Amino acid sequence: MVFFLALIFLFPAFGFENKDVIGHWKFRELIYRGERLPLPNPDLNLNWTFFKNGTERLYWDRGGTSDFCERFSFYTVIGSELEIETSFVNPRNASDCAKDPDMQLGKKAKIKIDVLSDELHFYFQLGEEQLIYVLKLK
């Protein structure tokens with residue numbers, strides 16, 4: 001009984017740790033209704049980089065244009081959730097970046113994640129449906 005109580009109080013957040021997401025991840029495909037799908041826009045270059053110091057960089061551009069969007073956040077992984085708080089938004093971002101909630105200074109978000117060897121899955125709810133971004137280590 002003491003063993004189980006120790007597990008509850010000493011290890012409350014089973015799951016992943018920050019170290020499990022460290023690296024450079026590139027958005028490669030989607031999972032929708034259990035089916036893997038190619039990127040809807042093959043020109044989209046969408047990347048997340050997780051650093052050891054607890055910061056994260058989100059960057060994307062589209063092939064054939066000079067426009068880009070970039071922001072940095074503080075992050076932590078608690079259980080199977082990624083918690084982020086945007087700490088810097090690049091002032092040279094394309095003007096339409098400001099419409100994206102991910103590009104708002106101070107924005108806080110929680111994202112359900114799954115780490116599978118060379119894949120990182122981000123789970124997003126779209127009403128009743130679930131959309132999974134599949135990122136691969138670069």
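General remarks:
- Radius 13 Å from Cβ of residue 68, net charge of other residues (Lys, Arg +1; Asp, Glu -1): -2
- Checked against a 23 Å cut-off, the cross-linked pairs 19/99; 19/112; 108/138; 107/136; 52/99 give Cα-Cα distances beyond that limit for 19/99; 108/138; 107/136; 52/99.
- Per-bin percent of Cα-Cα distances, region 58-136 [10 Å]: 17, 41, 36, 6
- For region 38-93, relative contact order (Cα pairs under 8 Å, six or more residues apart, normalised by length) works out to 25 percent.
- Per residue, the chain reaches -2000 deg cm²/dmol at 222 nm when only DSSP H runs of four or more residues are counted, each adding -39500 (n - 2.57).
- Peptides ranked, highest mean first, by Cβ atoms within 10 Å: ranges 92-105, 32-45: 92-105, 32-45
- Quotient of C-alpha Rg and 2.2 N^0.38 Å, computed over the chain: 1.16
- Accessible area (Å², 1.4 Å probe, nearest 10) - residue 50: 0
- With contacts taken as Cα pairs under 8 Å and at least 6 residues apart, region 61-138 reaches a relative contact order of 21 percent.
- For the chain, the relative contact order works out to 24 percent when only alpha carbon pairs closer than 8 Å and six or more residues apart are counted.
The values are calculated or read from the model by the stated rules, or taken from the named source; none is laboratory data. All values derive from a computational prediction rather than experimental measurement. Please note: Cβ atoms are built from the backbone with ideal geometry, for glycine as well, and neighbour counts cover all protein chains shown. All accessible areas refer to the heavy atoms of the entire protein, side chains included, with ligands and DNA or RNA removed. Shrake-Rupley method; radii C 1.70, N 1.55, O 1.52, S 1.80 Å.
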